[in-house]
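Everything below concerns the one structure shown next.
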């Protein structure tokens, strides 16, 4: 089904794989053939540095949704923004319910609309389209590059290299700066064969994720889809696989293009956006994933990660054992906070599911919903606990499903049809009951993504599946069923795109800014607080210590209902680590008070001293001064830090870092970072992205860490940083590492954040 090559490989003529360590590979040069990938050519066309080893990328277009664009534009405004220099689309598909936080959601939408007018952008009103479907329909172009402030920014199936990043990277583009990275590795994904009826794109995607996530095979690399199997997949099928590549922790994706992609662009009235993409006659890949599409079976990603993958057949065959494995894994995240069990889901030897959802950028595509409708034709979900909701990903898709009768089939079956909304993906829509089990064709199933609150004793579970098997389960009244066991014909429906839907509702400035437009600022929309520059020396208190194998951005700052406060930095910060370490906010604030006192004393010597505000500091400073007598209030800062083994998996949300900074955080310490985007978020908010070697930690939660001459170390580009754990018997030396930083990133850290770096 899936084969991973241990080493790199050459692809010859687009069809022949030549392993790097084979005799045949001696005929080729890896250094030369690296330039033969589609990814290399696209990156080269967008690189402004003149050096392909150190890229400075300028993107063609930008896109954000309504829980990211407020912070991005506020940051850019604080840095002198006068006009969007490239097309920037503001969609409203996350805070669309307008049901939490009073007027906050709609206030944010009005902020977006007036900013689109003032700065020359594009505004997509709520319920019209989810961010990535609008981008596919209206923005993507073969050979282009798009940057989005959402981790699932993936349009590779349409020939567009797209990257999901934290908001500050979009700010840089808005200020005509660049996206700076080393040339990423490229891993080939070689597709062969053809999926059997009943197998959908989510099945293929989950099989790949299950094979590559844990081993980091594609971490921060570009996944390049090639091989004869590509032509056997429709455009929608390719899109459904492509969007899920984010869950592998890759940087981006790109696919070969053909007449099916050309037809996609033609259907959407943008045929000129198409061009044929293929690797050169000889291309070298840093790794190769072989996927036999004909051997993929209906898959399920059990709670609580997209990589926790089984075949549905395996789950049904070994039900008690699989559920026990899930319960054991859950203890890593939940501990004893909640009594979590799935055994009561077994009814008459089968797994009973409480809820099915097909939604968003992964599940809400035209072909997925048509297939589900065919499976549900003349079937009924019944009148027990099981519920079924379907969210078409855009209003044009919705309209076509009405016209071709698929909506009728679904409604008759008992399904509820809703408008374009990302809520089920991040815990803000179709929240199930306590202890319920939900199957979803969406992108993620992290803890709390279904809306539960562990701290209140509420827990539910999400498993990821393809729309076809979700419909099969719905047709079987909620008992887990793979679509391959349902004897229904899945028809081929032709899609007709009605452009008038967007023409009549979407505001498009066509790049013309109106500087006289007043921005509507709801009372929740706040400016970023002032942040100070990095000091010569640094004293950090460890206020949280997380030893889970991976820490998601959801655990650093929860999704769901907290998203209403993303336009209010101080309000949102109150939720930081609330579901993982409820003590964090209070402890961080105590340390922050000491730093504020230090800053106040610099202005007024009669102000309270840091040791008066936080008395525990006196003993700590006595030990520091015994070894470093020149340290004083002018040349050292006081902040907090967290330790996590591998933080940053999942969402691109910058708030996972900015909330820590708002509360006085000055660093993270990790064994490694799960994604580039989380590390970039730390840097852009002026936080030091420290790495510490694996092994016994020299500190624990509650300890202070003194880092002498940290500013000098950053200026001099030192990687190894001397640090001390402040213990009862004195300072205990250990080493931290900073890793690669560009000159610009160093300057951002030195100045305290991206806003300070761009201050005008």
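The values are calculated or read from the model by the stated rules, or taken from the named source; none is laboratory data. Quantities reported herein were computed from a predicted structural model and do not represent experimental measurements. Reconstructed Cβ throughout: ideal geometry from the backbone, glycine too, with neighbour counts over all protein chains shown.
At-a-glance table
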read-out	value
From 626, 600, 667, 652, residue being under 30 Å from residue 739 (Cα atoms) and at pLDDT below 95	652
Any hit, region 46-62, residues being surrounded by 15 or more Cβ atoms within 10 Å (Cβ to Cβ) and out of contact with any strand residue (DSSP E or B) (no Cβ under 7 Å at 6 or more places or on another chain)	yes
Positions within region 85-108 being under 19 Å from residue 164 (Cβ atoms) and surrounded by fewer than 24 Cβ atoms within 10 Å (Cβ to Cβ), in sequence order	86, 87
Unique match (being under 16 Å from the mean Cα position of the chain (by Cα), assigned by TED's automatic domain parsing to the domain that holds residue 279 and closer than 25 Å to residue 469 by Cα) among 242, 236	242
Identity of the residue in region 458-477, farther than 14 Å from residue 316 by Cβ and in a loop (DSSP other than H, G, I, E, B), that ends up modelled with the lowest pLDDT	458
Any hit, region 266-278, residues being surrounded by fewer than 21 Cβ atoms within 10 Å (Cβ to Cβ), on the phi > 0 side of the Ramachandran plot and not assigned by TED's automatic domain parsing to the domain that holds residue 677	yes
Some residue of region 123-130 being without any contact (Cβ under 8 Å) to a residue 60 or more places away in the chain, surrounded by 24 or more Cβ atoms within 10 Å (Cβ to Cβ) and in contact with a strand residue (DSSP E or B) (Cβ under 6 Å, 6 or more places away or on another chain)	no
Selected residue (only one of 284, 310 is in the same structural domain as residue 221 (by TED's automatic domain parsing) and either out of contact with any helix residue (DSSP H, G or I) (no Cβ under 6 Å at 6 or more places or on another chain) or crowded, with 20+ Cβ neighbours inside 10 Å (or both))	284
Number of the condition not met by residue 5 [criteria: (1) at pLDDT 95 or above; (2) under 21 Å from the mean Cα position of the chain (by Cα)]	(2)
Among (1) crowded, with 23+ Cβ neighbours inside 10 Å; (2) within 17 Å of residue 243 (Cα to Cα), the one test that residue 111 misses	(2)
Condition met for residue 117 (touching a helix residue (DSSP H, G or I) at 6+ places or on another chain (Cβ under 7 Å), surrounded by fewer than 21 Cβ atoms within 10 Å (Cβ to Cβ), under 30 Å from residue 662 (Cβ atoms) and at pLDDT 95 or above)	no
Residue in region 480-490 that is in a loop (DSSP other than H, G, I, E, B), at pLDDT 95 or above and within 29 Å of the chain's Cα centre (by Cα) present	yes
Every residue from region 342-352 that is free of Cβ contacts under 8 Å to residues at least 60 places away in the same chain and either in contact with a strand residue (DSSP E or B) (Cβ under 9 Å, 6 or more places away or on another chain) or closer than 22 Å to residue 456 by Cα (or both)	343, 346, 348
Filtered residues of region 722-753 (kept if part of a strand (DSSP E or B) and touching a helix residue (DSSP H, G or I) at 6+ places or on another chain (Cβ under 9 Å))	722, 723, 724, 726, 727, 730, 731
Candidate set: region 419-457, residues that are in contact (Cβ under 8 Å) with a residue 12 or more places away in the chain and assigned to a helix (DSSP H, G or I); chosen: the one farthest from residue 357 (Cα to Cα)	455
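Yes or no, residue by residue, for (1) under 26 Å from the mean Cα position of the chain (by Cα); (2) within 20 Å of residue 203 (Cα to Cα); (3) not assigned by TED's automatic domain parsing to the domain that holds residue 135:
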site: 337; (1), (2), (3): no, no, yes
site: 364; (1), (2), (3): yes, yes, yes
site: 376; (1), (2), (3): no, yes, yes
site: 399; (1), (2), (3): no, no, yes
site: 408; (1), (2), (3): no, no, yes
site: 412; (1), (2), (3): no, no, yes
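For (1) crowded, with 24+ Cβ neighbours inside 10 Å; (2) more than 30 Å from residue 30 (Cβ to Cβ); (3) in contact with a helix residue (DSSP H, G or I) (Cβ under 7 Å, 6 or more places away or on another chain), each residue gets a yes or a no:
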{"residue": "145", "(1), (2), (3)": "no, no, yes"}
{"residue": "170", "(1), (2), (3)": "yes, yes, yes"}
{"residue": "196", "(1), (2), (3)": "no, yes, yes"}
{"residue": "200", "(1), (2), (3)": "yes, yes, yes"}
